[in-house]
Amino acid sequence: MAVEDHAEKNLDEENFTAPTVTGPDAAADRQADINREVRQHQEQYRVSGARESQPRLDYAPYRSSVLRHPTKDPHHTDPELIELTSPAFGHRDVHDLESDLTVQGGGEPIGERIKIRGRVMDSAGRPVRNQLVEIWQANAAGRYIHKRDQHPAPLDPNFTGVGRCLTGDDGSYEFTTIKPGPYPWKNHRNAWRPAHVHFSLFGTDFTQRMITQMYFPGDPLFALDPIYQSIVDPKARERLVASYDHDVSEHEWLLGYTWDIVLGGSNRTWMEPEDEN
Amino acid sequence: MAREELRTPVSRGRTVENPPADLTPTPGQTIGPFFGYANAHEEVGLPYRGGPELVSRAHPEASRLHGQVYDGAGDVIPDAMLEIWQADPQGRIPEETGSLNRDGYTFTGWGRQAVDRLGTYSFTTLEPGAPGQGHAPYFLMVIFARGLLNRLFTRVYLPDDEQALADDPLLASLPAERRRTMIATRLDDGSLHHDIRLQGDRETVFLAYPGIES
Ligand SMILES: [Fe+2]
């Protein structure tokens, strides 16, 4: 089999003009067109009587998914040894300070200081311990430090928007950060993403590996966002929305949010004793 | 050093305190376009400089696993991120920490890379040994991309041991043309080449596991 030719290897890393991000014709659709298609999916789901708890991969209102979703059914298989295990991360990998996104620059980032905390567990409610959690997000103005982000909103020299931590023995994680702003994108005309924080998660089994987005309660953009709406089940969508938690808020310092994360069933047979204490 | 941090991500069968009444798995979402990049000058977000080099290129057993990621129109996808997770050459599953901060000697079995503008990926690693009797050795791969609303899992089998491939229970359950999409090609330079196709005639076989809705 021939390797596709990619001789042009000396790429200009600084010049990201990928047309796929700012497609010329994508913005021709109106919000009303997107809303109509979103409603069609909702209605189809409602009458189907099925239960779905994950996003649809084939979800045309999110235009970039059209050529990027598999058309064949996934092949069901029982996981083997490597699939039942997961890479290990430790203090060699992650520094404690990386969970505070407000102390990474020379000064205080601008915006609403918040804490997000919760627990990572499997679908039996067992904590996922000592495991890596990574986040990335826009700044308070809705801008990422990324060369493909052309949104004319200010960068914040004191905010990278990137953090990571290891879960505790009880599966707990915690980040201090700035509330991200909503931002425009090119899916259709006047398209805006609800404010969100991207989360990357590992479980005890590599098959639990997932990436998702956490949203903030009451966002007026939820109904208009095809990425959020790609989860057609309303209760399932709400699982991505954090709760405001006054017990997490700190006096004269920050506002607190709680968000628990449940990873798909762990298939590993647990050999450890029920309780070592 | 790295070995001291051996750990079990195990919960001893106990639940968290006050587990939520609803334990339905949290939905995934697309990785989006802004997950970051790593090059000689910068590291932003998830990708990092040591991500695709599980071992040094100078390692006597270093092998290259590389290819491109394509969409349903046959165009390359320039904003995907891939991870591999694998056994070592003896078929042992690594338990060492340090993937994010490699010491140059410890094999952790896990790597991550954002594809380049031509959709190309290239891992430098050791080739995995068989995970057990009657199984052919493979890399487990997970694919994330802008436009892809949830991650996809696949296996990338080593092509060399035809008997092991013929005996592998997963491969045996697939029709021949589908089976091929999970087996890497050994190139003349000794490297392993493997393309990922998210859609179309030669669409890669993606896997679903019990308890994990996909
Ligand atoms: Fe985002």
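The values are calculated or read from the model by the stated rules, or taken from the named source; none is laboratory data. Computed from a predicted model, the values in this text were never measured in an experiment. Methodologically, a virtual Cβ is constructed for each residue, glycine included, from the backbone with ideal geometry; neighbour enumeration extends over all protein chains shown. Side chains included, ligands, DNA and RNA excluded: accessible areas come from the protein's heavy atoms. Shrake-Rupley method; radii C 1.70, N 1.55, O 1.52, S 1.80 Å.
Can you give the longest stretch of chain A with no exposed loop site, where a site means chymotrypsin sites (Phe, Trp or Tyr not before Pro) in a DSSP loop (not H, G, I, E or B) with at most 16 other C-beta atoms within 10 Å?
A:1-252
Hey, what's the per residue convex hull volume over the C-alpha atoms of chain A, in cubic angstrom?
205
Buried by at least 50 Å² relative to the chain on its own: which residues of segment B:184-210 qualify, computing accessible area with a 1.4 Å probe on protein heavy atoms?
Buried on complex formation: B:199, B:203, B:208, B:209, B:210.
Over the Cα atoms of segment A:17-164, what radius of gyration and what Dmax do you get, in Å?
My reading of the Cα-based Rg and Dmax gives 20.6, 55 Å.
Per-residue ellipticity at 222 nm for chain A, helices alone: DSSP H runs ≥ 4 residues times -39500 (n - 2.57), over residue total, nearest 500 deg cm²/dmol?
Calculated mean residue ellipticity at 222 nm is -3000 deg cm²/dmol.
Count, for each residue of A:128-134, the Cβ atoms from other chains sitting within 10 Å of its Cβ, then give me the mean as a whole number.
Going residue by residue through A:128-134 and averaging, the value is 4.
Let me have the relative contact order for segment B:62-197, percent, based on Cα pairs under 8 Å that are six or more residues apart.
Relative contact order of segment B:62-197: 30 percent.
Given a 1.4 angstrom probe, I'd like the percentage of the accessible area of chain B that is carbon and sulfur, rounded to a whole number.
47
Using a cut-off of 10 Å between beta-carbons, work out the net charge of the residues near residue A:64 (Lys and Arg +1, Asp and Glu -1, residue A:64 not included).
Summing Lys and Arg as +1 and Asp and Glu as -1 gives +2.
In debye to the nearest 20, how big a dipole does the protein assembly as shown give about its Cα centre with +1 on each Lys and Arg Cβ and -1 on each Asp and Glu Cβ?
1160
Hey, can you grab everything whose amide H is under 5 Å from the amide H of residue A:139? Only 5+ residues off in sequence or another chain; H modelled, so Pro and N-termini drop out.
Amide H to amide H, under 5 Å and 5 or more residues apart or across chains, residue A:139 pairs with A:144, A:181.
Let me confirm one metric for peptide B:63-76, namely the mean number of other chain beta-carbon atoms within 10 Å of its residues' beta-carbons.
2
Report relative contact order for chain A in percent, whole number only (criteria: Cα-Cα under 8 Å, sequence separation at least 6).
Computed value for chain A: 24 percent relative contact order.
Below 24 Å, Cα to Cα, which lysines can residue A:115 reach? Residues fewer than 8 away in the same chain don't count.
Here the lysines satisfying the reach criterion relative to residue A:115 are A:179.
Per residue, what volume in Å³ does the convex hull of the Cα atoms of segment A:96-216 enclose?
Output value, Cα hull per residue: 120 Å³.
Dipole magnitude of chain A about its Cα centre, charges +1 at Lys/Arg Cβ and -1 at Asp/Glu Cβ only, in debye to the nearest 20?
1100
What dipole magnitude, in Debye to the nearest 20, does segment B:62-197 give about its Cα centre under +1 on Lys/Arg Cβ and -1 on Asp/Glu Cβ?
380
Whole number please: convex hull volume per residue of the Cα set in segment B:114-214, in Å³?
135
What residues qualify as long-range amide H neighbours of residue B:98, i.e. H under 5 Å apart, gap of 5 or more or another chain, H built at 1.01 Å from N?
Amide H neighbours of residue B:98, under 5 Å, 5+ apart: A:90, A:93.
What is the average number of partner chain Cβ atoms found within 10 Å of a Cβ in A:31-41?
Partner Cβ neighbours, averaged per residue: 0.
Within chain A, what's the longest run with no GluC sites (Glu not before Pro) in a DSSP loop and at most 11 other beta-carbon atoms within 10 Å? Give the range, please.
That gives A:15-251 as the longest site-free run.
Over the alpha-carbon set of chain B, divide Rg by the Kirkwood Rh and report the Rg/Rh ratio to two decimals.
With Rg and the Kirkwood Rh in hand, the quotient comes to 0.97.
Please report the carbon-and-sulfur percent of the accessible area for chain A; probe 1.4 Å, protein heavy atoms only, DNA, RNA and ligands left out.
52
Please turn the phi angles of segment B:202-209 into ³J(HN,Hα) values with the Karplus equation 6.51 cos²θ - 1.76 cosθ + 1.60 (θ = phi - 60°), one per residue in order, whole Hz, x for glycine and proline.
Listing the rounded values in order: 9, 3, 4, 6, 10, 10, 10, 10 Hz.
Considering only B:209, A:41, B:144, whose Cα is most displaced toward the positive end of the charge dipole of the protein assembly as shown, charges sitting on Cβ of Lys, Arg (+1) and Asp, Glu (-1)?
A:41
How long are the three semi-axes of the equivalent ellipsoid for the protein assembly as shown, computed from the Cα gyration tensor as the root of 5 times each eigenvalue, in whole Å, largest first?
Gyration-tensor ellipsoid for the protein assembly as shown: 32, 27, 24 Å.
Ignoring ligands, DNA and RNA and using a 1.4 Å probe, state the total buried accessible area between A and B in Å², rounded to the nearest 100.
Using a 1.4 Å probe, the pair buries roughly 10000 Å².
Taking the Cβ of residue B:33 as the centre, find all other residues whose Cβ is under 12 Å away and add up their charges (Lys, Arg: +1; Asp, Glu: -1).
+3
Report, ordered by chain and residue number, the aspartates and glutamates lying within cross-link reach of residue A:235, taken as a straight Cα distance under 18 Å and ignoring same-chain residues fewer than 8 apart.
Filter leaves A:43, A:52, A:219, A:225, A:260, B:22, B:213.
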